[in-house]
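Q: My questions all concern the structure below.
The values are calculated or read from the model by the stated rules, or taken from the named source; none is laboratory data. Quick caveat, the model's predicted, so the values are computed rather than measured. A quick note on method: Cβ atoms are made from the backbone with ideal geometry, for glycine too, and the neighbour counts reach across all protein chains shown.
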Amino acid sequence: MTVLSDRFVKRRHDAPHGFFEVEAAGLRWLAVPGGVPVAKLVDVSSDHLSTVRLDLVGPTGAAADEFGRQLAVTHDAGARHFGVPPDGWDGDGYIGTIGLPHAVEPLKSWGEFYANLRLRPYLRAAYDSGTIDGHQLEVFELVCRRLTAGEYDDPSSRRAGSTVTSGRATSCGVRTAYI
């Protein structure tokens, strides 16, 4: 990552196909009127993405409250269903450089989405690489089964306004943009 005078540039010459393009699609998708300000996209290609550089400011209670209100608007804009890719993008996303699958068809619940598209795709790889052991794999699989069965709180049942509390906790002092 490189910071130039008025731009923030992320560059990776060995980026997987669509790596920066899906991030650009996500930035455009998150730019909701009245929502959290999103970094303005300047340029995107297969090996880089550049945005207008962000100005940092010290965090305040008022800024955190405003961030929470804006985040609620962003969340309220919603998506067609859990795991849907950004508008205008038909491929998968990434966690780092590892593929992040999107849901093609609506899933029954947030728990099914999270278990099947955010946890399970990475559990076997984590186990095979030695990052987690057999016991941890079993624990995560139990969590996945419980998520799929609906045993955990489903965020879709919450009002988006409840993010005001988390907005205060997560405010990081960015004045003009949020990624």
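Q: Name the residue that is surrounded by the fewest Cβ atoms within 10 Å (Cβ to Cβ), counting only residues in the range 20-42 that are over 14 Å from the mean Cα position of the chain (by Cα) and within 13 Å of A77 (Cα to Cα).
A: Among residues in the range 20-42 that are over 14 Å from the mean Cα position of the chain (by Cα) and within 13 Å of A77 (Cα to Cα), the one surrounded by the fewest Cβ atoms within 10 Å (Cβ to Cβ) is P33.
Q: Given the residues Y127, Y114, Y122, which is the only one that is crowded, with 18+ Cβ neighbours inside 10 Å, in a helix (DSSP H, G or I) and hydroxyl-bearing (S, T, Y)?
A: Y114
Q: Across the range 37-65, what is the number of residues that are touching a residue at least 12 places away in the same chain (Cβ under 8 Å) and either among the charged types (D, E, K, R) or not in a loop (DSSP other than H, G, I, E, B) (or both)?
A: Total meeting the criteria: 19.
Q: Moving on to the next point. Could you grab me the full set of residues in the range 1-16 that are in contact (Cβ under 8 Å) with a residue 40 or more places away in the chain, surrounded by fewer than 18 Cβ atoms within 10 Å (Cβ to Cβ) and either more than 15 Å from G96 (Cα to Cα) or out of contact with any helix residue (DSSP H, G or I) (no Cβ under 8 Å at 6 or more places or on another chain) (or both)?
A: V3, L4, S5, D6, R7, V9, P16
Q: Taking the condition of a type in the set (A, V, I, L, M, F, W, C) and part of a strand (DSSP E or B), does V32 pass?
A: no
Q: Using beta carbons and a limit of 6 Å, which pairs, at least six apart or on different chains, have the first residue in the range 93-120 and farther than 14 Å from C144 by Cα and hydroxyl-bearing (S, T, Y) and the second one at pLDDT below 90 and surrounded by 15 or more Cβ atoms within 10 Å (Cβ to Cβ)?
A: Sorted first by the residue in the range 93-120, then by its partner, the pairs are Y94/L100.
Q: Go over the candidates T74, T51 one by one and state the one that is within 15 Å of V22 (Cα to Cα) and of a type outside the set (A, V, I, L, M, F, W, C).
A: Being within 15 Å of V22 (Cα to Cα) and of a type outside the set (A, V, I, L, M, F, W, C) holds for just one of T74, T51, which is T51.
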